[in-house]
Structure formats: structure tokens, C-alpha cells
Amino acid sequence: MDAYITKIKAISERLLKDGTVEAVIGFREGTLPTMSEPCFIKRSDDVKDLVWNANCRINLANYLTNRKEKIAIVAKGCDSRNIVNHIIENKIKRDQLFIIGVPCKGMNDKDTGALQDNCATCTHRNPVIYDELAGDLVEEQTGVDKYADVKKVEAMTTDEKWAFFNNLYASCTRCYACRNACPLCYCPTCFVDESKPQWVGKGEDPIDVRTYHFLRAYHCAGRCTDCGSCEAACPQNIKVRQLTKKLEKDCAELFGWEAGLTLDKRPPLDTFSIDDPNDFIK
Amino acid sequence: MKNLMEHMGVEPGRLQFSWISSAEATKFVDVVKQVTEKVKELGPNEKFIKKTVKVA
């Protein structure tokens, strides 16, 4: 990790000094322990503030939406996949970006210090797209069961499932940290904030909470890279990835699709194929 | 969507999809009958009822 940061700093300083980019998006020491915070570095003198450690959980692709200037961004495997998403969805142009790829062995959970759940089953640790690497590529994990927890829920009866999710979201305060930390959630006005029409109640009624989580997850269908930003941001430690992971699994099974791996293919939900599964239509 | 609804604990059969052309009147009638039967079987959906505060 120390070697990474020396390299990240050197690359950032060079890019800022020679004017290749106007800003570098990276991490600096946070105001709380075990929380590194995202930052924009605009002067080469400030490069010294950059850090890289096991607390850089937040997905930096979140900060690229609709940017106009040239930007360098520090990207782990998952960040790089979300950068691909952003480029595919026309939220940023590839030639605006200088991607500093960081091969990643996983981030630590903010409370337990153990490897984050999503990192433990990650199969894309190396950036899929980058201009320069901050370290040697790491070995990808193979043979991990990514969907063990989804399968557990799938095996439940309808009522058990309902109860499981009621329980899961019971402590949700609707702070929307998960939405704000998510690089996919860039709508100018989120459906939960609209009032004409008001799609969903704004209180903590279990039905409203569930509607919010359900719809937010659905908006991420075929786009979610399981970066774990939502879970890392949740102040109540809710396992908010449960629904997005189910969608990820479905996308893999129905369309053979994993989000953010290539710039050359359109995502399954915005293309039509004659082979699309349609068993659900009677 | 159907998968996710069912994953979340909504009964299978609660959400149904069909593709019916405007010329397929008989298919429309059949589908409506089937859906009605299926939903009657499941009974009223009480999961989505919000408990509102009663004001006297």
C-alpha cells in the first residue's frame, strides 16, 4: 500500500504540473478514524494530502458525473468498472479522463476491520480500464461463491422472505447515504425527492422504506458492480446490497452480463435481442 | 422485476405480465379470467397496507 501511494502521488504531481489534468480525484485522511474521504486535488502542492489504505471504500466514479474538465482519477477494480458505466451512459468522456489504476486486495469493513463482504467475493480486483498503474496487477480470486447469501434468501418461503427484508430494513432512517454514495445514482432529481407526483412516502413507514430500497435497487439493474459503496456509507450498517446482488445474479444468469467490463457492449436492459428470456410473459 | 418482487417476499402470481394485441379479444378475456382466479386464490394483499394513524 505504501508503494501504491508513492506512485499515486508521483503520477498526480506530474499530471497537475504539466497541465494534463485540472484535478485529481483521490482519497485523503478522513475526519473520523478508519474512514478515508474522497477529495479533489487541484494544486500540485496539495498532492501530499493523498492517501491510500484499506479504508478507501467509497467509489470515486461517483464524482465524475457531468464533469467538463480533464480529470485524473484513482481507480480500484470496482471504481474502474463504474467509470466504464459512466462512459457508456454518456456521463463523462473517455478522453477527459486519466485513470490511475490501483490493483486492490479489498477494503476493510469500517467497524470490524475484517475484509468487506463484497471484497471477499470480488473477482475483479484489477482495474479493467486504466492509463497508468500504481502497482503490479494482483491475482484475481477464483472459485468464490459470490451469491451465497442471495441463494440463502432464494431458498426461503414467501413469508420468510418478507420477514427477512422487514428485519433487514428495520433500522433504516431514510438518510439516503446509500443513494448518495452510489455512482449509479446520478439523477438530477431522485424519485424519492419528487413531489409531483410523489412516488413514495417520505417517512419511516416500513412499506415506504421497502419501496425506496426496492426501486433504488431496480434502478441499478444491470449496472451495479457490487462496489459496496452503499453498504460502506450506511450509518446503520444495513446490508443494503442484498437486493442489488439478486439483480446482479439475475443479470448474470439471464443475460450472461457483468456490468462495467467493456466499453464495446451495450448493457442488456438497453438493447433488444431475440434471445432475451421472456418466460414471464403469458 | 418479477424475480426481484418475488425475492423480496411478494407472492408469485401477484405480479403478472401478458402481451395482447388489440385484435386478440379472446386472449384478453382469457388472461383477465386467469389473473382474477389466481389473485382470488391468493386473497387480499395485506402486506402493502399502510398503518395510518387514526385521528379521532
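The values are calculated or read from the model by the stated rules, or taken from the named source; none is laboratory data. Here the structure is a predicted model, which means the values were calculated and not measured. When we count neighbours, we look across all protein chains shown, and the Cβ atoms used for this are built from the backbone with ideal geometry, even at glycine. Surface areas here come from the heavy atoms of the whole protein model, side chains and all, with no ligands, DNA or RNA. Shrake-Rupley method; radii C 1.70, N 1.55, O 1.52, S 1.80 Å.
Here is how the numbers come out for the structure above:
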quantity: Solvent-accessible area per residue for the stretch A:235-279 (1.4 angstrom probe, square angstrom); calculated: 58
quantity: Protection proxy ranking, peptides A:28-36, A:206-214, average beta carbon neighbours within 10 Å, highest first; calculated: A:206-214, A:28-36
quantity: Rg/Rg_ref, chain A, where Rg_ref = 2.2 N^0.38 Å and atoms are Cα; calculated: 1.03
quantity: Out-of-range pairs (alpha-carbon distance over 23 Å; input A:Lys161/B:Lys51; A:Lys245/A:Lys265; A:Lys70/A:Lys245); calculated: A:Lys70/A:Lys245
quantity: Contact order relative to length of the stretch A:2-133, as percent, for alpha carbon pairs under 8 angstrom and 6 or more apart; calculated: 23
quantity: Highest average packing first - A:38-45, A:244-251, A:190-197, Cβ atoms within 10 Å; calculated: A:244-251, A:38-45, A:190-197
quantity: When the convex hull of its Cα atoms is projected in every direction, mean area for the stretch A:62-191 (nm²); calculated: 10.5
quantity: Angle in degrees between helix A:158-168 and the longest Cα principal axis of chain A, rounded to the nearest 10; calculated: 40
quantity: Cα-based reach from A:Lys93 at 16 Å (exclusive), listing aspartates and glutamates while leaving out same-chain residues under 8 positions away; calculated: A:Glu22, A:Glu69, A:Asp79, A:Asp131, A:Asp264
quantity: Estimated [θ] at 222 nm from DSSP helical runs (n ≥ 4, -39500 (n - 2.57)) normalised by residues in chain A, nearest 500; calculated: -9000 deg cm²/dmol
quantity: Förster radius 45 Å - calculated FRET efficiency between A:Lys42 and B:Leu15 (Cβ-Cβ, nearest 0.05); calculated: 0.35
quantity: Cα gyration tensor category, rounded, prolate or oblate, for the stretch A:148-258 with a/c compared to 1.5; calculated: oblate
quantity: Three-way shape label, the stretch A:43-99, alpha-carbon gyration tensor, a/c 1.5; calculated: oblate
quantity: Any cysteine of the protein assembly as shown lacking a neighbouring Cys Cβ under 4.7 Å - listed by number; calculated: A:Cys39, A:Cys56, A:Cys104, A:Cys119, A:Cys122, A:Cys172, A:Cys175, A:Cys187, A:Cys190, A:Cys234, A:Cys251
quantity: Charge dipole magnitude, Cβ of K and R +1, D and E -1 - the protein assembly as shown, Cα centre, debye nearest 20; calculated: 800
quantity: Folded to 0 to 90 degrees: helix A:241-255 orientation relative to chain A principal axis, Cα; calculated: 90
quantity: Table column - 3J(HN,Hα) (Hz), the stretch A:272-282, Karplus curve with 6.51, -1.76, 1.60, x for Gly and Pro; calculated: 10, 9, 5, 8, 4, x, 9, 5, 7, 8, 9
quantity: Interchain or long-range residues, amide H under 5 Å from A:Ala72's placed H; calculated: A:Glu22, A:Ala23, A:Val24, A:Ile25, A:Phe98
quantity: Label-point gap, in nm, between A:Tyr63 and A:Thr20 - each point 7 angstrom along Cα→Cβ; calculated: 1.8
quantity: Nearest-ten-degree value, helix A:206-219 long axis tilted from longest Cα axis of chain A; calculated: 60
quantity: Residue-averaged beta-carbon neighbours from other chains (10 angstrom radius) around A:206-212; calculated: 2
quantity: Tensor-based shape of the stretch B:2-42 (alpha-carbon gyration tensor, a/c under 1.5 rounded, otherwise prolate or oblate); calculated: oblate
quantity: Selection from A:Tyr176, A:Tyr130, A:Thr225 lying farthest towards where the dipole of the stretch A:129-257 points positive, charges on Cβ; calculated: A:Tyr176
quantity: Average other protein chain Cβ within 10 Å of Cβ, residues B:3-14; calculated: 6
quantity: Packing-based order for A:75-87, A:149-161, A:270-282, using average beta carbon neighbours within 10 Å, highest first; calculated: A:75-87, A:149-161, A:270-282
quantity: Cα-Cα over 23 Å, subset of A:Lys7/A:Lys105; A:Lys91/A:Lys249; A:Lys152/B:Lys38; A:Lys48/A:Lys239; A:Lys196/B:Lys50; A:Lys9/A:Lys91; calculated: A:Lys91/A:Lys249; A:Lys152/B:Lys38; A:Lys48/A:Lys239; A:Lys9/A:Lys91
